[in-house]
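S.K.: I'd like to ask some things about the structure below.
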Amino acid sequence: MMHRRAKPSVCNGYSELCDRGYDKVAYATTHNAYATGDNIAANQNKDVRQQLDAGIRGFMLDLYKRDSDPMNNPYLCHSSCTLLNAGKAVDVLKDIKTYMDANTNEVITIFLENADSFSAVDVAQIFKDSGLDKYAFTANTTSDFTWPSLSQMISVDKRLVIFDDRSTDTKAVPWLLLEGDYVVQTSYSVASGTSFNCQPNTQVRPLWVMNHFVYTDYSILNLNFERPAPNVASTVNTRASIVGQANQCGSAGHFPNFITVDFYDVGDIFPAVADINGVTYKSTATNTFSEDGSSSTTSGAARTPKAALVGMAASTALALLLLA
């Protein structure tokens, strides 16, 4: 029999969200959450620990293989581990586990871009090694499936939803969910200076990722490519801009669940998500990691102790793929 806790009075920081279905709530989400530091490919200023304490509840993580690793561990890299390597994925998962252990009324979602097609069993192993699998929620794709409320997920301590964009095996790993069965995304390739919309990239599903970040063109050594645009984050991440795109989704009959941004600490992501949820904004920041020097109040660049970052002058790295 599954142990059931008492019904929580606050869920993800707000009492009003407890009785809402998981699919009826908006979550502040970070695009390439791990990609931090002084690197041309970085999408965030602060690391995942700081993101958790600030109130981010959705995390996009990209899994890559490294030829130099005979154990075939998944690494968090951006386009290539030569360009940006934030270390083993299991280490970030351990941080999320630490946070969930300490903050028992939080529901969190992880999106895995499984770039090198790790098997479902291999992906499951890093969640088991981190201990996060204990929180993993199991869904199904039946036509009558209904997402439980946040309070229901919290009461049974199945507060982590994990989507993989490529490799799942629900018989072997029932909680590793194929993203395409549940989620649709808006465009993740919006040029700086152009407008956002709510057109779906794929077949419409109940859950919506509303991508709200832009790229800018960059050239070096006669190479042209797209890169994140930190210089316009203060404009892109305004409350009006985020809510404006959400209103487009609402006008089309879609509720945007995962409000995904670059450089989350610049602008108004948290007030905007409160607006989308129809609640009065309040700070839900915590200090789970403050004792080890990585408090969410720390200013400046993120801690990157495990990151192997390549400088902008590394021409071989800059010749790689688009930085989407």
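The values are calculated or read from the model by the stated rules, or taken from the named source; none is laboratory data. Remember, it's a predicted structure, so these values are computed and weren't measured experimentally. We place every Cβ from the backbone using ideal geometry, glycine too, and count neighbours over all the protein chains shown.
S.K.: Taking the criterion of being of a type in the set (A, V, I, L, M) and under 30 Å from residue 15 (Cα atoms), would at least one residue in the range 60-77 satisfy it?
M.R.: So far as the range 60-77 goes, yes, one or more of its residues are of a type in the set (A, V, I, L, M) and under 30 Å from residue 15 (Cα atoms).
S.K.: Filter the range 210-232 down to the residues that are modelled with pLDDT of 85 or more and among the hydrophobic types (A, V, I, L, M, F, W, C), then identify the one that is farthest from residue 33 (Cα to Cα).
M.R.: By that ranking, first place goes to 232.
S.K.: Something else about it: Could you check the range 119-226 for strands (runs of 3 or more DSSP E) lying wholly inside it with 2 or more residues that are of a type in the set (A, V, I, L, M, F, W, C)?
M.R.: So the answer is 160-164, 176-178, 183-185, 207-211.
S.K.: Follow-up. What are the pairs with Cβ atoms under 7 angstrom where one residue, in the range 18-47, is touching a residue at least 40 places away in the same chain (Cβ under 8 Å) and closer than 24 Å to residue 81 by Cβ and the other, located anywhere, is of a type in the set (Lys, Arg) and surrounded by 23 or more Cβ atoms within 10 Å (Cβ to Cβ)? Sequence gap at least six, or different chains.
M.R.: Qualifying pairs under 7 Å: 36/46.
S.K.: Could you go through the range 41-54 and let me know if any residue there is touching a helix residue (DSSP H, G or I) at 6+ places or on another chain (Cβ under 7 Å) and assigned to a loop (DSSP other than H, G, I, E, B).
M.R.: no
S.K.: Count, please, the residues in the range 148-168 that happen to be surrounded by fewer than 21 Cβ atoms within 10 Å (Cβ to Cβ) and modelled with pLDDT under 95.
M.R.: 2
S.K.: Further question on the same structure: Checking the structure you have, find out if any residue of the range 189-198 is among the hydrophobic types (A, V, I, L, M, F, W, C), in contact with a helix residue (DSSP H, G or I) (Cβ under 7 Å, 6 or more places away or on another chain) and within 28 Å of residue 41 (Cα to Cα).
M.R.: Yes: one or more hits.
S.K.: Look at residue 72 and say whether it is surrounded by fewer than 17 Cβ atoms within 10 Å (Cβ to Cβ), in contact (Cβ under 8 Å) with a residue 40 or more places away in the chain and of a type outside the set (Ser, Thr, Tyr).
M.R.: Spelling it out, residue 72 is indeed surrounded by fewer than 17 Cβ atoms within 10 Å (Cβ to Cβ), in contact (Cβ under 8 Å) with a residue 40 or more places away in the chain and of a type outside the set (Ser, Thr, Tyr).
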